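Presented below is the structure to which this report refers.
Please treat every number below as a calculation from the coordinates, not as lab data. Treat the numbers as computed from the prediction; the structure is a model and nothing was measured. For neighbour counting, all protein chains shown are included, and Cβ atoms are generated from backbone atoms with ideal geometry for every residue, glycine included.
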Amino acid sequence: MNRIVFRHKFALAAAVLLLPVVLMSTGCETQSMIREKGEVAYYGGNYAQARAEYARAVDNQPSDYRAHYHLGLSYLELDQPGRAQRSFEQALTLRGRDPEWRPRILDGLAEALYRQDRLERLQAMLEDAVREGNTTHDRLRQADYLMKIGDPDGARNAYRTAAYFAEGRDPRPYVAVADFYEQINDEMNAVRALRWAYYVDHGNPEIAERLRGYGIVPGPTVAEAPPKPEMLR
């Protein structure tokens, strides 16, 4: 009796191990296999094939937020922002509360709206994202797109607000402030923002190199604590 049970368990284990081989040999594909084909095509620059694979994954499993998201990216690469928007919106519906996926989905949606010149819808989405998420990433996204659509005053406020509410040792908002001032040829404030970034992350080689570009040798006296109250003025 024990031998029979053992043979049964062995046969079951062997069947489980052989299942992927059987599926592949019979032409059956798992959802992850379809997505992987899309990924290979996407990162290989074959965006039409990537779109086809991710569309197949969506048809196969409409609740697959990963497939919807990557389908949106493929549509952006194919210069079809309207379809990209719909894919990102579907991904947001499925995974909009996930702190890992929400930011990247919103990034894609913002780009899709921007490329369609749907500026009012874009601004509303950016504001909603800041109000609901209230993260540094949300504020920087808003600032980036306000700058793109020709609202430097709004972008300035958004960048400085992102820096004001930044937490921990994250230099990104201060670097973004420096980028903004460089775009409007305000060297004095660009350098000052880089000094803030250096204070927050003095071991960052990119920040150090940018300071050197202004003729400033990085060191302890270069760092400047961000004047938080001033950032909202």
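Descriptive notes on the structure:
- Estimated distance in nm for a label pair at ASP128 and LYS148, the labels positioned 7 Å out from Cα along Cα-to-Cβ: 1.8
- Axis of helix 187-200 versus longest Cα principal axis of the chain: the two differ by about 60°, to the nearest ten degrees.
- FRET efficiency, ASN185 to GLN49 (Cβ-Cβ, R0 45 Å, nearest 0.05): 0.55
- The chain: radius of gyration and largest Cα-Cα distance (Dmax), Å: 24.3, 86
- On Cα atoms only, tilt of 81-95 relative to the major axis of the chain in degrees: 70
- The value given for the range 164-233 is a Kirkwood hydrodynamic radius of 11.9 Å, derived from the mean inverse Cα-Cα separation.
- Between 0 and 90°, nearest 10: helix 119-133 axis offset from the chain longest Cα axis: 80
- The calculated Kirkwood hydrodynamic radius for the range 125-181 is 10.9 Å, given to one decimal from all distinct C-alpha pairs.
- Taking only the C-alpha atoms of the range 70-180, Rg followed by Dmax gives 13.8, 39 Å.
- Residues in the range 43-60 that a label on ARG115 would reach, taking backbone N under 12 Å of a point 7 Å out along Cα→Cβ: 47-48
- With N counted as the residues of the range 105-233, its alpha-carbon radius of gyration over 2.2 N^0.38 Å works out to 1.09.
- Packing-based order for 120-127, 71-78, 217-224, 168-175, using average beta carbon neighbours within 10 Å, highest first: 71-78, 168-175, 120-127, 217-224
- Taken over the range 75-132, the convex hull of the Cα atoms encloses 65 Å³ per residue.
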